[in-house]
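**Q** For reference, the structure I am asking about is given below.
FYI, it's all coordinate maths here, none of it is from the lab. All of these numbers come straight from a predicted model, not from anything done at the bench. Every residue, glycine as well, gets a Cβ built from its backbone with ideal geometry; the counts of neighbours run over all protein chains shown.
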Amino acid sequence: MFEWLHSLDIFSQVYFWIALVASIFLIVQIVLMLFSFGGGGDVGGIDVDGDGIPDGTFDVGTGISLFTVKGLTAFFTLGGWVGLLCSLNFPAEYTWVSVFPAFLCGGAAMVGIAFAMKAMFKLQTSGNLQKENVIGKTATVYVSVQPARTGRGKVTLTAQGQFMELDAVTDETEKLCVDEKVVIEEFSDGIAVVKRIKNKTEGEN
């Protein structure tokens with residue numbers, strides 16, 4: 001195998017290692033989801049808005065979160081294997097062209113995952129969600145919530161025996177970041193008004 005790997009050009013080697021690592025990560029994610037260790041959300045994140053705080057996801061304004069851990073894993077897995085396949089079949093002087101189908105297929109996979117996750121959450125939140133079963137519940141920020149109700153974010157929680165995602169706004173003066181714990185104060189028209197859960201030690205000293 002190593003001899004075969006060394007015989008590849010630089011593009012093919014890069015594609016191979018990206019695809020291999022991403023595939024392993026994808027398998028780990030699937031196993032975690034099967035055993036319900038994933039919590040249904042994405043961990044880690046990217047600083048999308050440049051404020052130095054990992055945002056974790058990027059909502060394109062249609063309720064579709066593109067840059068999630070699952071989405072990026074799908075992007076690198078499919079993009080890597082497609083890029084490797086193309087680079088092996090293109091003439092040596094044109095292997096760089098394989099970048100385009102790799103990005104195209106990787107992007108398609110990322111968008112597909114985003115729509116699949118949205119559909120899954122819609123399925124889970126369908127039905128009659130009782131207001132009294134949501135208010136007072138602790139939730140986790142999934143897509144960052146802008147301060148003073150200037151923009152919607154998303155939170156995830158378990159209510160009525162189901163794991164679900166809700167649109168959320170806040171009256172807080174600072175943005176609620178991904179993975180922050182919040183409490184739902186109000187809920188109407190499918191939108192939750194959330195408040196940051198203060199640390200017990202905050203304000204002490």
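**Q** Under the Karplus relation 6.51 cos²θ - 1.76 cosθ + 1.60, θ = phi - 60°, what is the ordered set of whole-Hz ³J(HN,Hα) values for the stretch 179-187, x standing for Gly and Pro?
**A** Karplus-based 3J(HN,Hα) across the stretch 179-187 equals 6, 6, 8, 9, 10, 8, 9, 9, 8 Hz.
**Q** A follow-up question, please. Arrange the peptides 142-152, 74-84 so that the one whose residues have, on average, the most other Cβ atoms within 10 Å appears first.
**A** 74-84, 142-152
**Q** Just report the Cα centroid separation between the stretch 68-117 and the stretch 136-160, whole Å.
**A** If we compute the Cα centre of each part, the gap is 32 Å.
**Q** With only Lys, Arg, Asp and Glu charged, each at its Cβ (+1 for the first two, -1 for the last two), find how big the charge dipole of the stretch 131-196 is about the Cα centre; round to the nearest 20 debye. Don't jump to the answer; show the numbers that get you there.
**A** Values: 9 positive and 11 negative charges, 15 e Å.
Here the stretch 131-196 has a charge dipole of around 80 debye.
**Q** Taking the Kirkwood radius as the inverse of the mean 1/r across Cα pairs, report the Rg/Rh of the stretch 130-185.
**A** Using only Cα positions, Rg/Rh for the stretch 130-185 is 0.96.
**Q** Can I ask one more? Nearest 20 debye, what's the magnitude of the dipole of the stretch 88-192 about its Cα centre given +1 on Lys and Arg Cβ and -1 on Asp and Glu Cβ?
**A** Using Cβ point charges on Lys, Arg, Asp and Glu, the stretch 88-192 gives about 240 debye.
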